[in-house]
Amino acid sequence: MAITNYASQNAGALAQESTWEGSVEELRGLVSERALTGETMLLNLGPHHPSTHGVLRLLLELDGEEIVTCLPDIGYLHTGIEKTIEAKTYEKGVTCTDRMDYLSPMSNNMVFCLAIEKMGELDVPERAQIIRVIGLELTRINSHLVWLGTHAMDLGAMSVFLYCMREREMILEMFEMLSGQRMMTSYIRPGGVWRDITPDFLPALEQFINLFPSRLDDYESLLTDNPLWRDRTEGIGVVEPEDALALGLSGPSLRGSGVNWDIRKAMPYSGYETYDFNVPIGLHGDVYDRFYIRILEMRESLKILRQAMARLTPTGEFRSNNRKFAPPPRAELGRSMEAVIHHFKLWTEGFPLPDEEVYVAIESPRGEIGCYLHGTGGNKPRRVHFKTPSFMHISALGSMSEGYMIADLVGIVGSIDIVLGDSDR
Amino acid sequence: MGVVSSKLGNMGVVTTTLDTAVNWARTGAMWPLLFGLACCAIEMMATQASDYDLSRFGMELNRASPRQADLIIVAGRVVRKMAPVVRQLYDQMASPRYVIAMGDCASCSGVYNNYALVQGVDEVVPVDVYIAGCPPRPEQLIHGILTLHERIRGEHLNQWIVEGER
């Protein structure tokens with residue numbers, strides 16, 4: 001079995017690289033002194049653990065059931081996406097951003113494209129902005145559904161997962177109508193969106209908008225007033241508003257603590273200032289509030305979707321007319337030599353951006369996702385950096401979970417809605 | 001057991017080979033390891049959930065412990081930091097054990113030909129079935145699983161011994 005031998009040799013080499021030959025002395029300063037004498041217990045949680053939402057490793061110091069210290073260890077999903085984007089033209093870079101936060105690909109596309117558009121001073125047509133808002137809000141519901149399903153499953157409610165995934169399939173089918181792909185859509189491109197919405201998209205969206213409120217009621221009837229659910233979530237993982245700001249929380253995790261901060265309202269993009277929606281705010285900053293805010297957010301997203309659908313004209317521009325950045329429509333290629341030249345230039349060498357730096361942030365389902373982009377004057381970026389909500393939330397996990405029981409840790413990890421692809425990139 | 005019982009008649013006896021009987025049992029309830037890495041894991045969850053219902057193939061029971069699992073679906077990109085963990089999980093599984101490399105990243109690292117990724121999980125563990133796609137659709141995963149079942153049905157007694165030595 002030649003293949004087997006080859007595989008095991010490689011595994012041996014890899015295992016040697018990462019074998020930890022240190023002692024507990026290395027943990028001095030990270031865990032309490034009691035751990036060094038063996039009075040408290042050190043416990044590894046992950047990276048292979050069903051409740052860590054991916055490959056997060058937590059080093060826990062336990063005094064009985066109580067958590068004394070919680071040290072997150074990330075990097076088990078570090079893919080080098082930022083470095084990979086540096087070797088690609090801007091248009092190709094969009095494809096890589098999908099794979100960062102794989103539950104909300106459109107938010108990643110959006111923040112990267114907004115950075116490019118800000119740097120290139122590129123216009124986006126009104127209709128494209130509306131389509132983007134529809135995509136972003138569907139993404140928000142999509143991401144919250146996976147979060148709700150897995151969070152409830154972690155705390156013992158299996159059926160919610162099956163219901164959530166059922167509704168999520170409807171959204172994925174709509175994404176497929178838009179982009180041809182279920183998850184990694186790469187639909188939002190610099191200057192607009194990849195293609196116009198397809199004829200079967202709007203009826204599917206309308207059906208979803210009409211159906212989804214009753215489905216949300218179903219989830220709520222399973223969880224919101226369920227005494228078991230409230231016992232597991234209320235008063236757990238409490239974060240005070242000032243602590244939440246100091247820890248760098250954002251999105252629903254920040255609003256659960258009662259801080260009114262939503263980038264869609266504070267620094268609107270893509271025409272969010274023209275939509276009428278509320279930002280739900282929590283009172284106690286516990287796991288339950290963070291859960292309930294996401295449920296309310298899904299209802300608000302439906303409101304935005306309804307308004308966006310009403311605004312959508314039957315036809316119109318879905319991509320910028322600036323031919324230096326956005327490719328010409330396929331029909332134009334047969335008529336215009338200039339269009340062929342633009343097409344060729346864009347798909348071979350891409351477009352140049354100046355040697356400047358920009359930072360753009362948007363509200364992703366998880367919180368504030370920011371993109372720092374530094375151009376070179378050429379067709380590839382010098383540096384791309386993403387400021388991602390999951391990274392900030394994982395760093396807050398230690399102080400959030402101290403003093404709680406180990407069984408509550410699963411709820412706390414779920415409530416901050418982390419995606420390891422988002423934090424490790 | 002519809003087919004078998006109709007062949008039984010009223011004698012209560014059925015003749016088959018040991019190969020067929022064991023392989024039938026192995027394909028009928030192959031428990032996967034509850035193990036997800038990245039994007040593909042979300043599609044794997046979708047495959048197990050309502051619409052695609054993997055329990056039709058006796059696979060709804062994901063075991064969190066590798067000791068109880070028969071199949072490891074490597075769903076997502078295997079990072080160099082994660083590779084020893086994947087290998088350790090594989091080593092902890094009891095024979096017979098099978099590996100599916102789900103998605104481009106697990107098969108050949110996909111678009112990420114860079115410093116961070118293991119260039120295909122077959123550098124670390126032997127892979128039985130590769131599934132293309134980024135991420136593969138649930139139908140593709142089901143097809144991959146059925147391909148694995150097909151392969152297992154063709155296994156013979158002498159191959160089990162080789163598997164034990166692996």
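Bear in mind these aren't lab numbers, they're just calculated from the coordinates by the rules spelled out. All values derive from a computational prediction rather than experimental measurement. Cβ: placed from backbone, ideal geometry, glycine included. Neighbour counts: every protein chain shown.
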- Note on the structure: Cβ density ranking, 10 Å radius, fewest first, applied to A:276, A:196 yields A:276, A:196
- Helix B:83-92 axis, angle to chain B major axis (alpha carbon atoms, nearest 10°): 20
- Message: Modelling each spin label as a point 7 Å along the Cα-to-Cβ direction, I'd like the residue B:68/residue A:86 distance in nm, to one decimal.
- Response: 4.6
- Task: Please work out the ratio of the alpha-carbon Rg of the stretch A:88-400 to 2.2 N^0.38 Å and round it to two decimals.
- Result: 1.04
- Would you list A:70, B:108, A:113 from fewest to most Cβ contacts within 10 Å? B:108, A:70, A:113
- Note on the structure: Distance in nm between residue A:395 and residue A:158 label points, each 7 Å along Cα→Cβ, equals 3.9
- Answer rounded, prolate or oblate for the stretch A:168-268, using the Cα gyration tensor with square roots of eigenvalues a ≥ b ≥ c: rounded when a/c is under 1.5, else prolate when a/b is larger than b/c, else oblate. oblate
- Query: In percent, how large is the relative contact order of chain B, given Cα pairs closer than 8 Å and 6 or more residues apart?
  - Reply: 23
- Message: Which order do the peptides A:311-322, A:239-250 come out in when sorted by mean C-beta neighbours inside 10 angstrom, highest first?
- Response: A:239-250, A:311-322
- Query: So how tilted is helix B:138-153 from the main axis of chain B? Cα-based, degrees 0 to 90, rounded to 10.
  - Reply: 50
- Give the shape of the stretch B:42-166 as rounded, prolate or oblate, defined through the alpha-carbon gyration tensor: a ≥ b ≥ c are the square roots of its eigenvalues, a/c under 1.5 means rounded, and otherwise the shape is prolate if a/b is larger than b/c and oblate if not. oblate
- Task: For the stretch B:87-142 and the stretch A:196-244, write down the distance between their C-alpha centroids in whole Å.
- Result: 33
- Query: What distance in nm separates the simple spin-label points at residue A:220 and residue A:356, each placed 7 Å from Cα in the Cβ direction?
  - Reply: 4.6
- Treating the angle as unsigned and between 0 and 90°, give the value, to the nearest 10°, between the Cα long axis of helix B:39-48 and the longest Cα principal axis of chain B. 20
- Taking a spot 7 Å from the Cα of residue A:273 along the direction of its beta carbon, which residues of the stretch A:96-122 have an amide N less than 13 Å from it? none
- Is the shape of the stretch A:281-405 best called rounded, prolate or oblate, per the rule: a/c under 1.5 gives rounded, else a/b larger than b/c gives prolate, else oblate, with a ≥ b ≥ c the square roots of the Cα gyration tensor eigenvalues? oblate
- Note on the structure: Cα-based Debye curve of the stretch A:18-170 sampled at q = 0.08, 0.21 Å⁻¹ gives log₁₀ I(q)/I(0) of -0.40, -1.27
- P(r) for the protein assembly as shown: what percent of alpha-carbon pairs falls in each 20 Å bin, starting at zero? 19, 51, 26, 3, 0
- Taking A:85, A:197 and counting other beta carbon atoms within 10 angstrom, the fewest-first order is A:197, A:85
- Restraint check, A:265/A:303; A:380/B:81; A:387/B:81; A:265/A:387; A:345/A:387; A:324/A:387, Cα-Cα greater than 25 Å: A:380/B:81; A:345/A:387; A:324/A:387
